[in-house]
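Taking it in order: structure first as structure tokens, then the write-up.
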Amino acid sequence: AKKIILSPSLLSADFGRLADELAALEEGGIEWVHWDVMDGVFVPNITFGPPVIKALRNRSKLFFDCHLMVIKPERYINDFLDAGANLICVHAEATSHLERTVSQIREAGIKAAVALNPATSLASIEYLLPELDMVLIMSVNPGFGGQVFIPFSLEKIRRLRKMIDEQGAKTLIQVDGGITPENIAPIVDAGAEVIVSGSSFFKFPPYGKRRELFETLSQV
Ligand code: DX5
Ligand code: ZN
């Protein structure tokens, strides 16, 4: 059985107690945490940016998985590096020169990822796979937590799995949006390795128990 990485999305955490939430995740045996950065233009919502992430960096040892839902993310790569990001994920739809933006992240020595909206084809990252540490398949249209998993995402994950295996690439597959303990099994079976969960994670403390439930039900 393959062990998944669970990356809880702080979008559904208590923003007034972020330091406590990060500590509670660590206590619950969580290793990654997912930061949903929204600019109000690429997506309708606005969340937080590098200053908030930087303030929490020295309060937490977790792997900071930063999902940038931001137009022209190349403008902010240095700010996220300075904030202590361990991984920066940019949207293929948000930057005109995706390879250049990915190189910019890699050259800084941290992990680079590309996210694809539900309507975006895998073709946009096919040639880039050898340079990517992770591809994020969005299984909802980004902008809000608590939406319903889009069923055709499963076929997209399977096709990406095949593409990565055929190329012999090491790229991880992350899936984000509408994932619950009830629907995680087919998502992992399709090839997902890193699972993001916001609303169906943070609403159900204690986090260690919730993590165990996601992990147990991910294996069928
Ligand atoms: C959506 C975000 C997701 C979201 C997931 O724009 O990228 O990370 O917070 O939340 P749930 O698990 O509630 O769909
Ligand atoms: Zn996200």
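The values are calculated or read from the model by the stated rules, or taken from the named source; none is laboratory data. Quick caveat, the model's predicted, so the values are computed rather than measured. Backbone-built Cβ (ideal geometry, glycine too); neighbour counts: all protein chains shown.
Observations on the structure shown:
- Residue match in region 190-197 (condition: modelled with pLDDT of 95 or more and more than 16 Å from ligand 2 (Cβ to nearest atom)): yes
- Qualifying residue in region 120-128 (condition: of a type in the set (Ser, Thr, Tyr), in contact with a strand residue (DSSP E or B) (Cβ under 9 Å, 6 or more places away or on another chain) and modelled with pLDDT of 95 or more): yes
- Close pairs (6 angstrom Cβ cut-off, 6 or more residues apart or separate chains): free of Cβ contacts under 8 Å to residues at least 40 places away in the same chain and under 20 Å from Trp35 (Cα atoms) in region 127-149, more than 6 Å from ligand 1 (Cβ to nearest atom) and among the hydroxyl-bearing types (Ser, Thr, Tyr) anywhere: Leu132/Thr171; Val135/Thr171; Phe149/Ser139
- Looking across region 143-177 at every residue that is within 8 Å of ligand 1 (Cβ to nearest atom) and surrounded by 23 or more Cβ atoms within 10 Å (Cβ to Cβ), the one that is farthest from Glu99 (Cα to Cα) is identified as Gly177.
- Positions within region 200-220 being within 21 Å of Phe152 (Cβ to Cβ) and either under 17 Å from the mean Cα position of the chain (by Cα) or surrounded by 21 or more Cβ atoms within 10 Å (Cβ to Cβ) (or both), in sequence order: Ser200, Ser218
- Within region 151-193, tally of residues that are part of a loop (DSSP other than H, G, I, E, B) and either in contact with a Lys or Arg (Cβ under 9 Å, 6 or more places away or on another chain) or within 17 Å of Pro118 (Cα to Cα) (or both): 10
- Whenever a residue of region 39-62 is modelled with pLDDT of 95 or more, its partners that are polar (S, T, N, Q) and more than 14 Å from ligand 1 (Cβ to nearest atom), lying with C-beta atoms within less than 9 angstrom and at least six residues away or across chains, give the pairs Leu62/Asn86.
- Test: residue in region 2-13 that is in contact with a helix residue (DSSP H, G or I) (Cβ under 7 Å, 6 or more places away or on another chain) and of a type in the set (D, E, K, R): no
- Test: Ala94 is touching a Pro at 6+ places or on another chain (Cβ under 9 Å), hydrophobic (A, V, I, L, M, F, W, C), over 25 Å from Glu21 (Cα atoms) and modelled with pLDDT of 95 or more: yes
- His97 without any contact (Cβ under 8 Å) to a residue 24 or more places away in the chain, touching a helix residue (DSSP H, G or I) at 6+ places or on another chain (Cβ under 8 Å) and of a type outside the set (A, V, I, L, M): yes
- Among the residues of region 8-31, those that are under 19 Å from the mean Cα position of the chain (by Cα) and aliphatic (A, V, I, L, M) comprise Leu10, Leu11, Ala13, Leu18, Leu22, Leu25, Ile30.
- Taken over region 80-114, the criterion of being among the polar types (S, T, N, Q) and under 17 Å from the mean Cα position of the chain (by Cα) is satisfied by Asn86 alone.
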